[in-house]
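Below is one structure, written out as structure tokens; the observations come after it.
Here, each number is a calculation from the coordinates, and none is a lab measurement. Fair warning: this is a prediction, and the values are worked out from it, not measured in the lab. In this analysis, Cβ positions are derived from the backbone assuming ideal geometry, glycine residues included, and neighbour counts consider all displayed protein chains.
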Amino acid sequence: MRTFFMLGIALFFLYSCGPTSNNSSETTEEETTTAEMTTVVEETSDNTLTEQERQEGWTLLFDGQSTENWRGAHKDAFPEQGWKIEDGELMVLASDGAESQNGGDIVTENEYSNFEFQVDFKLTEGANSGIKYFVTEGYNSGASAIGLEYQLLDDEKHPDAKKGNNGGGTRTLASLYDLKGAPESKPFKGIGEWNTARLVVQGNKVEHYLNGEKVLEYERGSDEYNNLVQNSKYEKWENFGMAESGHILLQDHGDLVYFKNIKVRELPAS
């Protein structure tokens, strides 16, 4: 009799505790899934910074709605034409491929010396544009503002891909324009797709990245660099690319190009 009584107590605890344990497990799994979903949303939201990026010192240069942080090159305000914001994307509009003859280039309000810059860009067929840095606006070029340039180009359709000094490919996508070419094997996702350009500058050392892969590096002021400048279209500009700090520029070359997720962070001096 005592055996049956003890068995009954054991069964009571087995059934009463079992479902509670399962519910606890399900709740934990659900909470974990919700937390994972929240993390994914934070990481993939356009024109925002994650908490980690804020802690790392990143500053958002485009919020998807306003032109704050930018102005026209050689101007006090943002261009009244030639640029447009739509659906969280900053667009330089097409104008027959003319260089800086419509809205003109835009530059950051601030100047940078040691920095990391990142932007997502989307090229249309045959498009030409660029990301320039160490732009001082001291040169009177009569066209696009002068500075070192991370080239943005449709290598297949734009004739500039087959031009340039210092050997082949110096005007192709991700190259140091007219100075040093990026490899043909660079990880380009294609025309009409979003790609990510990244610049890392510490002292005179500069690196170009495309979609997370380093495609070239160089050192400003080195013998190699000086020789490249002397053999380029920039040889007439005194101390080209050697400013201690400068603006970052997005180029108006008269072709439709899209930008988003534009951000920068200052780095310690090397």
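When the gyration tensor of region 174-217 is built from Cα positions, what are the square roots of 5 times its three eigenvalues, in whole Å, from largest to smallest?
Ellipsoid semi-axes (Å, largest first): 19, 12, 8.
Can you run phi through the Karplus equation (6.51, -1.76, 1.60; θ = phi - 60°) for region 99-108 and list ³J(HN,Hα) in whole Hz, with x for Gly and Pro?
Each residue's phi maps through the Karplus curve to give 7, 6, 10, 10, x, x, 5, 10, 10, 5 Hz.
Report the dimensions of region 45-191 along its three principal axes from the alpha-carbon atoms, largest first, rounded to Å.
For region 45-191, the Cα spread along each principal axis is 42, 34, 31 Å.
Would you mind checking region 159-189 for residues with the amide N under 19 Å from a putative spin-label position 7 Å along Cα→C-beta of residue 236?
Zone members listed by number: 164-166, 177-179.
May I ask you to compute the full-extension gain from residue 74 to residue 140, defined as 0.36 nm times their residue separation minus their alpha-carbon distance, rounded to one decimal in nm?
Values: separation 66, 0.36 × 66 = 23.76 nm, distance 0.96 nm.
Net length gain for the segment: 22.8 nm.
Report the semi-axes of the equivalent ellipsoid for region 104-205 in whole Å, largest first, where each axis is √(5λ) for an eigenvalue λ of the Cα gyration tensor.
Semi-axes, largest first: 22, 16, 15 Å.
I need the phi-derived Karplus couplings for region 47-64: 6.51 cos²θ - 1.76 cosθ + 1.60, θ = phi - 60°, integer Hz, Gly and Pro marked x.
Each residue of region 47-64 in turn: 6, 9, 10, 6, 4, 5, 5, 4, 5, 7, x, 6, 10, 7, 9, 8, 9, x Hz.
Provide the convex hull volume over Cα atoms per residue for region 207-270, in Å³.
Details: hull volume 10.1 nm³, N = 64.
Dividing the Cα hull volume of region 207-270 by its residues yields 158 Å³.
Quick one: length gained pulling residue 87 to residue 163 fully straight, 0.36 nm per residue minus the C-alpha distance?
23.9 nm
In bins 5 Å wide, starting from 0, what share of all Cα pairs of region 127-270 does each bin hold, as a percent?
In order of increasing distance, the bins hold 2, 9, 19, 25, 22, 14, 7, 1 percent.
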